[in-house]
Amino acid sequence: MTDYVRVERTLVRSAIAAGLAASVMYPARTFLTLPEFLSTAFYIFFGPVLVVAFVGLYPFLSRPKTSVAAVLGTVFGVIGGAANMVFAVVQLENLHYIRKYMAAAETVAEKEMWQNILNGVFTVQNGFNYVSDFFIDWTAFLWAFVMWNHPKFGKAFTLTGLAAAGLHFIMKLITFPEPPAEAGLFDAGPLVSIWFALVTVQVIRKRRWMEEW
């Protein structure tokens, strides 16, 4: 076994671990009441975990041969994961500092001023969130095309990936600059997350394929 193959196998194993972690972190921070430290850690480090998962899945998807879609999908996923961390950090920083000033405000006018400032900076974090979702949706699009003829995925993953990412992307495009949930639609982001979780499960199921490399 060459060093290159050894690195590929290690990357895929890292992707499995990161994919499982992301599959826990996203619903846990969304639907559960967690200790503040844990909730904050899940929120901030979800993006970097995605980066590890996207990079690590590339060797698996690029077998038996690589393609432009596989490469671009991986690059877009890395950008999306990094943008997700920027979004989370900017949001938490804004909430921490501005709410502190709001709590110290002595008059109604001061509180309203800080609330208006908070509403204004929300537009910045919403912009980062849009960028993150854009690149992650396109990772799903591109990888879905790769999976059509992939020996360990196939057409079912292609069709479900295109459907989930397409619904999410179109909704965000229609309601831009407002998030779909604020515009009266539902957030299809969890559907994309479920699809990526199923991709991770499939890689786990077919991981012995790596032993043939």
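Check whether at least one residue in segment 85-106 is of a type outside the set (Ser, Thr, Tyr), free of Cβ contacts under 8 Å to residues at least 60 places away in the same chain and closer than 30 Å to TYR4 by Cβ, and report yes or no.
In the first step, residues of segment 85-106 are kept if they are of a type outside the set (Ser, Thr, Tyr); the result is 85-96, 98-100, 102-106.
Now restrict to residues that are free of Cβ contacts under 8 Å to residues at least 60 places away in the same chain: 85-96, 98-100, 102-106.
Restricting the remaining residues to those that are closer than 30 Å to TYR4 by Cβ gives 85.
Within segment 85-106, one or more residues are of a type outside the set (Ser, Thr, Tyr), free of Cβ contacts under 8 Å to residues at least 60 places away in the same chain and closer than 30 Å to TYR4 by Cβ.
In this structure, does GLY161 turn out to be small (Gly, Ala, Ser), touching a residue at least 24 places away in the same chain (Cβ under 8 Å) and within 16 Å of ALA53 (Cβ to Cβ)? Taking the combined requirement at face value, the residue satisfies it. I need the full set of residues from segment 8-22 which are under 18 Å from the mean Cα position of the chain (by Cα) and surrounded by fewer than 17 Cβ atoms within 10 Å (Cβ to Cβ), in order please. Matches in segment 8-22: SER14, ALA17, LEU20. Looking across ASP137, ASP187, one residue alone is touching a residue at least 40 places away in the same chain (Cβ under 8 Å) and of a type in the set (Asp, Glu). It is ASP137.
Just one of LYS152, LYS172 is part of a helix (DSSP H, G or I), of a type in the set (D, E, K, R) and at pLDDT 90 or above; which is it? Before you say what the answer is, go through the steps one by one.
Details: LYS152 fails: part of a helix (DSSP H, G or I).
None of the others qualify; the one that does is LYS172.
Being over 14 Å from the mean Cα position of the chain (by Cα), surrounded by 19 or more Cβ atoms within 10 Å (Cβ to Cβ) and among the aromatic types (Phe, Trp, Tyr) holds for only one residue in PHE42, PHE87, PHE60, and it is PHE60.
Identify all residues within segment 8-53 that are of a type in the set (Phe, Trp, Tyr) and either touching a residue at least 24 places away in the same chain (Cβ under 8 Å) or closer than 16 Å to ARG63 by Cβ (or both); write none if there are none. Within segment 8-53, TYR26, TYR43, PHE45, PHE46 qualify.
Does VAL5 satisfy the condition of being in a helix (DSSP H, G or I), farther than 19 Å from LEU198 by Cα and of a type in the set (Val, Ile, Thr)? Give the derivation first.
Values: in a helix (DSSP H, G or I): yes; farther than 19 Å from LEU198 by Cα: yes; of a type in the set (Val, Ile, Thr): yes.
Criteria met by VAL5.
Before we move on, is VAL5 among the aliphatic types (A, V, I, L, M), surrounded by fewer than 19 Cβ atoms within 10 Å (Cβ to Cβ), more than 27 Å from VAL90 (Cβ to Cβ) and without any contact (Cβ under 8 Å) to a residue 24 or more places away in the chain? When the stated conditions are applied, VAL5 does not pass them.
Screening the candidates GLU110, GLU106, GLU8 for the property of being within 29 Å of GLY154 (Cα to Cα) and among the acidic types (Asp, Glu) yields one hit, GLU8. Applying the set (1) within 13 Å of the chain's Cα centre (by Cα); (2) under 20 Å from VAL146 (Cα atoms) to VAL203 leaves exactly one unmet item: (1).
Yes or no: segment 122-145 includes at least one residue that is more than 22 Å from the chain's Cα centre (by Cα) and of a type in the set (Gly, Ala, Ser).
Let us first name the residues in segment 122-145 that are more than 22 Å from the chain's Cα centre (by Cα), namely none.
Looking through segment 122-145, none of the residues is more than 22 Å from the chain's Cα centre (by Cα) and of a type in the set (Gly, Ala, Ser).
Select from segment 94-121 the residues that are in a helix (DSSP H, G or I), in contact with a helix residue (DSSP H, G or I) (Cβ under 8 Å, 6 or more places away or on another chain) and surrounded by 14 or more Cβ atoms within 10 Å (Cβ to Cβ) and list them in ascending order. Of everything in segment 94-121, those that are in a helix (DSSP H, G or I), in contact with a helix residue (DSSP H, G or I) (Cβ under 8 Å, 6 or more places away or on another chain) and surrounded by 14 or more Cβ atoms within 10 Å (Cβ to Cβ) turn out to be ASN94, LEU95, ILE98, TYR101, MET102, LYS111, TRP114, GLN115, ILE117, LEU118, VAL121.
The values are calculated or read from the model by the stated rules, or taken from the named source; none is laboratory data. A quick note: this is a predicted structure, and the numbers were derived from the prediction, not measured. No Cβ is skipped: glycine too gets one built from the backbone with ideal geometry, and neighbour counts run over all protein chains shown.
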